[in-house]
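The values are calculated or read from the model by the stated rules, or taken from the named source; none is laboratory data. Owing to the predicted nature of the structure, the values given are computational and were not obtained by experimental measurement. Backbone-built Cβ (ideal geometry, glycine too); neighbour counts: all protein chains shown.
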Amino acid sequence: MNHTIYTDIEKNAIRFSNFKKLETECSFNGLGIKYVASGEEIYYANDKKYKVNAGEYIIGNEFTRSIVRIDHAQMVQGLCIDISSEIISEVAEFHDVNGSELKEFLLSDQFFVNRYNVKNTSLGYSLNEINQKIKTGTFTNDLQKNELFYSLAESIITDQRFVFDHLSNLDFKKKVTNEEVFRAILQAKLLIDERITENLSLENMALVTGISKYHFIRVFKAAFGISPYQYQKRKRLELAKLDLLSGEEILFTALRYGFADTPTFSKAFKMQFGVTPGAIRKVIL
């Protein structure tokens, strides 16, 4: 079952799907989002395979050649959203001083097709919310739908600006090599994010990327401007700050995020934020 929730003359569209088995060509209009709410979908996009599980999505544009395959014991629920090229262009030019370059990246054959997790992107929250409203029958207002496409475009551009800026930091001669290496280090970055309280080794990271430890460190730093260890430490401190603001104890927070003791945590925290954990705690007391 494939049900059209909304479509207009500008080729904006929202469709809700529910299949156990399916294999068909899959087009992306403007910028297209394929979100899996439950189950698993397999996409073969531009000759690369993407296994998209529940809570994940893939984005492509009109240059993306794709086939989708579903073969699951239970119904697989999905959401397909197309955002017109006109809206993407308008929002990209408004929000970015390099809007023309970003627009070209988004709407040309240079676009970086990849799989994303809703927990780690600006777009993710909106996809969950839309899917829930469709399932409960509360997604009915036409004005809301029109505004929604602009909001989704803003979220995509926020996420893809990150991709655009950091992908361009890599300097391999072949575009395909840049993309494959960047896709690998994005996967490693996701692993750090999802297992932030664990002491992941460099071997873990290199295994995810499929490249040597030295090469992994070099390309990660080239793309993101900091080493994997520095990224992990900064991410831990950012989450620790949120925990402290929610009322967690300093020692518990320090140990949770891998710091040996309170003094070590306090020193790193002050270097990152300019204040001590104790000062953050006083804000909520």
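Is there a residue in segment 149-156 that is modelled with pLDDT under 90 and of a type in the set (A, V, I, L, M)?
No, the conditions are met nowhere in segment 149-156.
Report the residue count in segment 198-221 for those that are free of Cβ contacts under 8 Å to residues at least 12 places away in the same chain and assigned to a helix (DSSP H, G or I).
Residues flagged as free of Cβ contacts under 8 Å to residues at least 12 places away in the same chain and assigned to a helix (DSSP H, G or I) within segment 198-221 amount to 8.
Need pairs with beta-carbon distance below 9 Å; first residue closer than 10 Å to Phe164 by Cβ and within segment 83-110, second modelled with pLDDT under 90 and acidic (Asp, Glu); sequence gap 6+ or separate chains.
Leu102/Glu93; Leu102/Asp96; Gln110/Glu104
Taking the residues in segment 222-237 that are part of a loop (DSSP other than H, G, I, E, B) and not hydroxyl-bearing (Ser, Thr, Tyr) as candidates, determine which candidate is farthest from Phe265 (Cα to Cα).
The qualifying residue farthest from Phe265 (Cα to Cα) is Gly225.
So that you can scan it fast, the table gives a plain yes or no per residue for (1) surrounded by 14 or more Cβ atoms within 10 Å (Cβ to Cβ); (2) in contact with an Asp or Glu (Cβ under 9 Å, 6 or more places away or on another chain); (3) assigned to a helix (DSSP H, G or I):
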position	(1), (2), (3)
Ile67	no, yes, no
Gln77	yes, no, no
Cys80	yes, no, no
Glu104	yes, no, yes
Lys119	no, yes, yes
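At pLDDT below 90, part of a loop (DSSP other than H, G, I, E, B) and of a type in the set (Phe, Trp, Tyr): which single residue out of Phe94, Phe111, Phe139, Phe162 fits that description?
Only one candidate qualifies: Phe139.
Restricting the search to segment 249-264, which residues are of a type outside the set (Gly, Ala, Ser) and either surrounded by fewer than 16 Cβ atoms within 10 Å (Cβ to Cβ) or part of a helix (DSSP H, G or I) (or both)?
If the condition is that a residue be of a type outside the set (Gly, Ala, Ser) and either surrounded by fewer than 16 Cβ atoms within 10 Å (Cβ to Cβ) or part of a helix (DSSP H, G or I) (or both), then Glu249, Ile250, Leu251, Phe252, Thr253, Leu255, Arg256, Asp261, Thr262, Pro263, Thr264 are the ones that fit.
Pro228 passes all but one of (1) surrounded by fewer than 18 Cβ atoms within 10 Å (Cβ to Cβ); (2) within 23 Å of Phe164 (Cα to Cα); which number fails?
Failing condition for Pro228: (1).
Give the residue that is surrounded by the most Cβ atoms within 10 Å (Cβ to Cβ), with candidates limited to residues of segment 32-43 that are out of contact with any Phe, Trp or Tyr (no Cβ under 8 Å at 6 or more places or on another chain) and assigned to a strand (DSSP E or B).
Going through the qualifying residues, I end up with Glu41.
Step by step: first the residues of segment 252-269, then only those that are of a type in the set (D, E, K, R) and touching a helix residue (DSSP H, G or I) at 6+ places or on another chain (Cβ under 8 Å), then the one that is nearest to Tyr229 (Cα to Cα). Which residue is that?
By that ranking, first place goes to Arg256.
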